[in-house]
Amino acid sequence: MTEQWHEPRARFGFAEVTGPSMVPTLVHGDQLLVDYRAPFRAGDVAVLRHPLQQDLLIVKRLAERRGEGWWVLGDNPGADGDSRVFGVVPPELLLGRVRSRFRPLGQDQRSVLGVLIWLVSAVRPVLADRSLSRRLRAR
């Protein structure tokens with residue numbers, strides 16, 4: 001049974017990153033602030049339904065428009081599970097644009113210096129990579 005997607009009542013929501021496909025931009029355990037009503041553009045990081053397993057949510061970068069859908073890639077070129085495996089993603093599977101990430105305090109960050117470094121870097125906006133689609137065409 002496939003779950004039907006409905007527009008969320010709230011504009012913003014949260015998601016958690018699992019796996020290494022978006023390293024170095026996002027790491028396992030990062031918490032994401034997702035904007036469910038933002039328009040999508042090439043270079044944005046988005047939460048979407050996996051095209052082959054639609055009950056699974058994934059986080060990928062929108063590399064470029066291809067025909068009627070989006071070519072999506074992880075930021076980690078060594079990880080799989082993006083359009084190189086499943087092809088173009090239809091726009092109806094895109095759920096929201098990632099606006100920022102919150103990196104939880106690690107267990108190894110218990111010193112005063114570790115906590116100060118964490119405070120400075122824990123919350124960051126997730127910016128679009130506008131050069132990505134140009135790099136794809138240059139290959």
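Where a number appears in this text, it was derived from the coordinates with a stated rule and is not lab data. Not measured: the values here are computed from a predicted model. A quick note on method: Cβ atoms are made from the backbone with ideal geometry, for glycine too, and the neighbour counts reach across all protein chains shown.
Sorted from fewest to most neighbouring beta carbons within 10 Å, what does the list VAL85, VAL45 look like? Ascending number of Cβ neighbours within 10 Å: VAL85, VAL45.
Per-residue packing, averaged as other Cβ atoms within 10 Å, sorts the ranges 95-101, 48-54 into the order 95-101, 48-54, beginning with the highest.
Over the stretch 37-89, all Cα pairs binned in 5 Å intervals from 0 give whole-percent P(r) values of 4, 21, 33, 28, 12, 2, 0, listed from short to long. Spin-label model, ARG37 to VAL85: label points 7 Å out along the Cα-to-beta-carbon direction sit 3.4 nm apart.
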